[in-house]
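Written below as structure tokens is the structure these notes are about.
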Amino acid sequence: MSQLFSKTVVGEEAMVELGKAIGSSLITTSQENQANSVINSVINSALVFFEGDLGAGKTTLCRGILQAFGHHGAVKSPTYTLVESYELTPGKLTTDKLNAIQVHHFDLYRLGDPEELEFIGIRDYLQPGNYCLIEWPNRGEGILPTPDLNISIDVAVNKRSEKINDQSEKTDEQDVKAIGRTINIESETEKGKYFLAELIKNQGN
């Protein structure tokens, strides 16, 4: 059975901070869990889907996750290149090739056909040892496997009815104002359940 975590955040900084928390849950390496084979396999790989409309904040969340992995530069959604890869060393100030991990950030918005993923070698990216963050995963349906975590973002709005007192026929217009974003994170695998449990614990829920 899948598990669900939901949180509403306001502002870009809060989105980045939540991304950092998600990233931290993906790279937990607690020694007390080494005997658990499921958790041990979690430590060095993850597949995470990001769903939401244009401008919902998918790339902002990915930026926070990458920062948790040790990336401090700009993060742009690879809309035209499909994938941007990073070699990172979480928690380290200098590059250590022996401890470096691979994080691959995908944006499939402009993917013409799911079969195109085979041409870019998607199966190699999904090998153990890689972390894959995929925006617009529905474009790769049929090729992409089940994710460990599925993250959906909805814009939260505040609607206020207003009566327009003029000579026109306008009545009860809606004044709609975005007040934040609701992020729903669902675990889809056993590994995903572990990631989500770590996130919930760190968020104090």
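The values are calculated or read from the model by the stated rules, or taken from the named source; none is laboratory data. Since the model is a prediction, treat every value here as computed from it, not as a measurement. Neighbour counts are summed over all protein chains in view; Cβ atoms, including those assigned to glycine, are modelled from backbone coordinates with ideal geometry. All accessible areas refer to the heavy atoms of the entire protein, side chains included, with ligands and DNA or RNA removed. Shrake-Rupley method; radii C 1.70, N 1.55, O 1.52, S 1.80 Å.
Considering only residues of segment 143-156 that are part of a strand (DSSP E or B) and either touching a helix residue (DSSP H, G or I) at 6+ places or on another chain (Cβ under 9 Å) or over 13 Å from residue 50 (Cα atoms) (or both), which is modelled with the lowest pLDDT?
156
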Subject >> Filtered residues of segment 132-142 (kept if part of a loop (DSSP other than H, G, I, E, B) and either surrounded by 15 or more Cβ atoms within 10 Å (Cβ to Cβ) or at pLDDT below 90 (or both)) >> reply: 136
**OP:** Can you tell me which residue within segment 109-131, out of those that are open to solvent by 70 Å² or more (accessible area, probe 1.4 Å) and within 19 Å of the chain's Cα centre (by Cα), is nearest to residue 80 (Cα to Cα)?
**Re:** 110
Original post:
Are there any pairs with C-beta distances below 6 angstrom linking a residue in segment 127-141 that is closer than 21 Å to residue 68 by Cα to a residue that is open to solvent by 20 Å² or more (accessible area, probe 1.4 Å) and at pLDDT below 95, with the two at least 6 apart or on different chains, and if so which?
Top reply: 129/44; 130/102
